[in-house]
Each structure stands twice: as structure tokens, then as C-alpha cells.
Amino acid sequence: MQRRQFLQQTAAASALIGLGGIGLSSFKPATKKITILHTNDVHSHIDAFGPDDGRNPNQGGVARRASLIANIRKENPNTLLLDAGDIFQGTPYFNYYGGELEFKLMSMLKYDVATIGNHDFDNGIDGLYAQLPHAEFDFVSANYDFSNTIMDTHVKPYRILNRDGIKIGIFGLGIQLEGLVEQRMYKETKYLDPTETAQEMTRILKQDEQCDLIICLSHLGYNYRNRPEKISDLKLAETTKDIDLIIGGHTHTFLKKPTVVKNSEGKNMLVNQVGCYGINLGKIDFYFDSDNNKAANGTSIIV
Amino acid sequence: MNYKHLCFFFCLILLSSCKQEVHLNKIEGQQINISDSLEIDQTIEDFVKPYREHVNKNLDSVLAYAVDTYTKSDGDYNTAIGNMMADAVYEQSNPIFKNRTGEDIDFVLLNHGGIRAIISKGNVTTRTAYEVMPFDNSTVVVKLKGTQVKELIDYLVKAKRAHPISKLNIVLDSDGNFKSAGLNGQALDFDKTYNVATNDYLYNGGDRMDFFKTNDSLYILDYKVRNVLIDYFKKIDTLNPVIDNRFIQLKN
């Protein structure tokens, strides 16, 4: 029975090939794997913590993260590396070099996309702008309107990346700056509602751009238990649709494993955050199947 | 529907049927700890090295010498380390403020909790300044009306903590109640306006110092408290602050 079904499909596929003149290889029922690696709130922690550190002895360090990422890339070239903001501030490296070293190292590690955290304004919006030439990766933020600032056109609401024929849409969301960062630092940056912005982004990325995978890079914070009205990653996940993964930051939340959340359509998706200071690297593998029948079974999530 | 429409429609069908449908089948998530069992990437290590050496050399450069070890727990209402910090803010900030406004700073108020480390006997380095003041707070001068200065004094009297002050004098009676407050030997005039230097954390209501919010003017000096300390350490050769009588309680 199964064999007959397979043959039928093959026949249909062949017919299409004849019509469209597309090579046979693109219809091979192969599984495609996209690996998403991510960090958040690294806060200028370039060196590993020393052996005498009271909390995180011998943890972190960019040189170790680099070898780990290189090995994962060797295993799967279709890997993206993302950061959810607060790259700046936390060690004298930032005070001495203003973020230059952070951006240069992230470029060497071949980060693809990052979003902007509140501490990335710590040297003012001009201080952030000044370091942009050192960043060979893109910044996304959909709910910071930079149009009246020096950052205008240097930050995109979203980026679309293609890996192995899989279209991946990545958009950014930032936290409300008022009350958190002095206005003279962020200047005329306008904060837009994250939920509304996310709905707009998913409409563009899913319906217009037909992305296969949608990722939100968020610096909103994982969850605010004592302030249920405050927007957070968990809240955003529940009230939106079509987002496959929210990579979060800001709250320095260490999770044992990524959180599975039901979105507004009742579909399961993931929210993840990996603490802070480069102590952990998040790794999410997405497996795509070109077999139409598999879709009916939904997506299985293993965390 | 004319020919063009039909052609477009046909092309659309053709395109959509040829776009290979992919379906998200499985997601696997995990977290990998960056531990010392991981190999060190030598390219990255070599790249960071000169930056690290420069930072460390700079942090460990000797700026002054401390004749003793100073902590914020030595002293009741004022401490040697707190006095040093508040005096440094006055000395370093007043010339900038005067240059801009033609006026002098009347007094300084910082917070006891803002002293984040001790100063050990021996060499005082840039690292010392980073340890004592790891935060990036900046000095500000606030023009306060007498009524707010009264609130400020009430706050200090009630707090009974060695919040660092400079130029200001407060005396409590033996029961711990307010007795007098003055500047340069003269009693404070609560009908006057005063220029009070502090940091932006306290100005923004840190440590519940709400009196700063009702002010006539705010002057942002763009001078980090840490840099105040570094510049002050560079200027003086020997660090020898003392507990004095700027904030005291009278004995019976």
C-alpha cells in the first residue's frame, strides 16, 4: 500500500518535472536540517570566568564558544548564529573599547543576526552607531523606530536568510526604553507595541514572503511573574501565531530546557533563553520534510 | 478574462506547484554549556590577547598609595572611604560646574550602598576604582529649594546611615534627633536654594531619595563617578582619608 502511494507520487512528480523543467534532485524526498545557535546578554564577557569565581568558575569565554560553534557548523553547514541583545556592558573591555572588541569577535564567530538590548545604548545611540563598522552581521528591530536617529537605515525590522532552500525570517523586538535607559541616551528612538509589531511581522514573513521558518529575536524578557500585564516572551508567544521560535534575553533567565508554548492557534512553538555572560549556547534543530503526507502528523518537539 | 489574465493565472499555478513544499516535521532543542572541557580557538585567543594585556596593564597601573585599609563599615555616621568619595566628587566636579554656571556646588550627597568594595592598604590602581564603583553612574548637580534640602536632611537623620556627604554638616542630639545642619559653619537656610551634587542613580530616585525629583534645574556633568575617582587618585599621591565630624551624634 505504502509502496503504491509512493509510486503514485513519483508519477505525479515526474509529470511536474516535465512541465516545469526542474531537475529531479529537487524532488528527492529528503529531510533538511536547519540549526539555530543563539546567545543573549553576553555583556562583554569575552574571557571565561576565572577558577576562583564565586558563581560561575571556568564558565564561558569567546574562544571556547568559537570552537564549539565551528564544530557544529562542520556537522551542519546550514547553521545560523543569532544574539538577542545586551552585547555591551559588564566588563572593562566595554569601558575601554566601547564595544569594538565585542562586535569584532562576533564577526569572527560569523554571527548572522542580532537584536538590540537596553544596555547596547549605554554609550548612547551615538556610541552604538560608532561601533557598527566593526559588526559584519545584521541588526534587526521591528519595534524600535529609529527614523529620527543616527541609526536610521542601519537596523532592519527583519532579515530573510536562505539555507538549503529553506526560507528563514528573523525579526527583532526590543524592550521599552523609557524608565530603563535615560532618554538622552536613546534620543528619538520610538518604542512601538511589541505584540502589534509581531503580528505585522508574521503577516509579512508568513503570508507575503512565505517563510518556512519564523524566528523572533526578543529582548523583552522571559516572564514577569509579579507584573502579569508586562509584555514578555511567554505572553508574546501565547498571543501571536506563526512564530516557530522566540529567542529571548534581558531577564538573564537560565532554563533547564526550551519552553514549549501553545500559540494563539493552539500550535506548539518554542521560547528559549540561555542565561547570560556567554555561559551557555542554545541549539535548536529544525527538521523539514518535503513529503506532503507528513504535514498531517504535525510537528514533534523534543526538548 | 482575456488572454493575458489566463496566461498569468497559468503561470501562477505552474509556479506554486513547482515550489517544493516543505513541512516542519521535528524540532530538537538543547542547551550546551561553555565549560573548560571545550577546546580554545587559538585564532580568537590570539586576537583577544593584546586587548586583554592592554586592559590589564591599564587596570593595574598604580595611581596612588593607601596608608590603611578603608571600608564602609568603619564609622557610624561617616566613614573615611565615604568621606573620600564625597570629597573627590566635590573637588573634581566643582571646577566643571563653576566653569559652566559661574556658581559653586554647595554640598555633595552620595549613598552608602554605592561603595561597592573596600580600598586595601597599599597600591591604589584603576582596578580599585572599578571595584569601588563598578557602575557607570555619572555626577549630576541638582538645584534644590530649601524645602527639598529639609527633606534631604530629614532623610539622612532618619536613615542613620553613613551616606557619604561633603561640605555639609549634620549634628544629632544624644537621642538621635536632629540638632543642626550647616555649610561652612553657617546654619542651612531653608528659604534658600542650594546646588547639590549627587549621581544620576540617586537623582532618579535610587535609595528612595525622592527629594531630588522636585528641583529647579539639573546639570548633567557627563563625568562618571568612577572617572572622578580615577582622576582624584591620580591627583593625590597618598590616600589617607579620616572619619571626621561632618555627621555626628552628640554623646551625653
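Neighbour counts of other C-beta atoms within 10 Å: give me B:Lys160, B:Lys224, B:Lys57 arranged from fewest to most. Mind dumping the intermediate values first?
Numbers: B:Lys160 13, B:Lys224 19, B:Lys57 10.
Ascending Cβ contact count within 10 Å gives the list B:Lys57, B:Lys160, B:Lys224.
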**Request:** Could you let me know the centre-to-centre spacing of segment A:119-138 and segment A:158-198, using Cα atoms, in angstrom?
**Result:** 15
**Request:** Holding the Cα-Cα limit at 31 Å, pick out from A:Lys156/B:Lys26; A:Lys187/A:Lys262; A:Lys32/A:Lys190; A:Lys190/B:Lys49 the pairs that are longer than that.
**Result:** A:Lys187/A:Lys262; A:Lys32/A:Lys190; A:Lys190/B:Lys49
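For chain B, what ratio Rg/Rh do Cα atoms give with a Kirkwood hydrodynamic radius?
Numbers: Rg = 29.1 Å, Rh = 22.1 Å.
Ratio value, two decimals: 1.32.
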**Complete:** Rounded to the nearest 0.05, FRET efficiency between B:Glu103 and A:Glu178 (Cβ-Cβ, R0 45 Å) equals 0.90
**Complete:** At the level of C-alpha centres, the distance separating segment B:185-252 and segment A:203-256, in angstrom, is 43
**Asked** Given R₀ = 22 Å, FRET efficiency for B:His54-A:Ile150 by Cβ-Cβ distance, to 0.05?
**Response** 0.20
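When the chain is fully extended, how far beyond the present Cα-Cα distance does A:Leu132 get from A:Gln207, taking 0.36 nm per residue of separation?
Details: separation 75, 0.36 × 75 = 27.00 nm, distance 3.17 nm.
Working it through step by step, the gained length comes to 23.8 nm.
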**Request:** Can you tell me the relative contact order of chain A? Whole percent, Cα pairs under 8 Å, sequence separation 6 or more.
**Result:** 20
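Could you give the size of the charge dipole of the protein assembly as shown about its Cα centre, using +1 on the Cβ of each K and R and -1 on the Cβ of each D and E, expressed in debye and rounded to the nearest 20? Kindly include the intermediate steps, with their values, before the conclusion.
Values: 61 positive and 69 negative charges, 292 e Å.
I would put it at about 1400 debye.
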**Asked** Considering only A:Gly99, A:Ile150, A:Ile231, whose Cα is most displaced toward the positive end of the charge dipole of segment A:30-297, charges sitting on Cβ of Lys, Arg (+1) and Asp, Glu (-1)?
**Response** A:Ile231
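Between B:Asp207 and B:Asn245, 0.36 nm times their residue separation minus their Cα-Cα distance comes to what?
Details: separation 38, 0.36 × 38 = 13.68 nm, distance 2.38 nm.
Contour length minus Cα-Cα distance gives 11.3 nm.
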**Request:** Report the FRET efficiency, 1/(1 + (r/R0)^6), for B:Lys234 and A:Lys256, where r is their Cβ-Cβ distance and R0 is 41 Å, rounded to 0.05.
**Result:** 0.25
**Asked** After finding the eigenvalues of the alpha carbon gyration tensor for the protein assembly as shown, what semi-axes result from the square roots of 5 times each, listed largest first in whole Å?
**Response** 58, 25, 20
**Message:** Sort B:Lys143, A:Lys256 by Cβ crowding within 10 Å, fewest neighbours at the top.
**Reply:** A:Lys256, B:Lys143
**Request:** Give, as ranges by residue number, the residues of segment B:237-252 whose backbone N falls under 18 Å from the point 7 Å along Cα→Cβ of B:Lys179.
**Result:** B:244-252
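Read the figures in this text as sums done on the coordinates, not as results from a lab. Not measured: the values here are computed from a predicted model. Cβ coordinates were reconstructed from backbone atoms using ideal geometry, including for glycine residues, and neighbour counts include every protein chain displayed.
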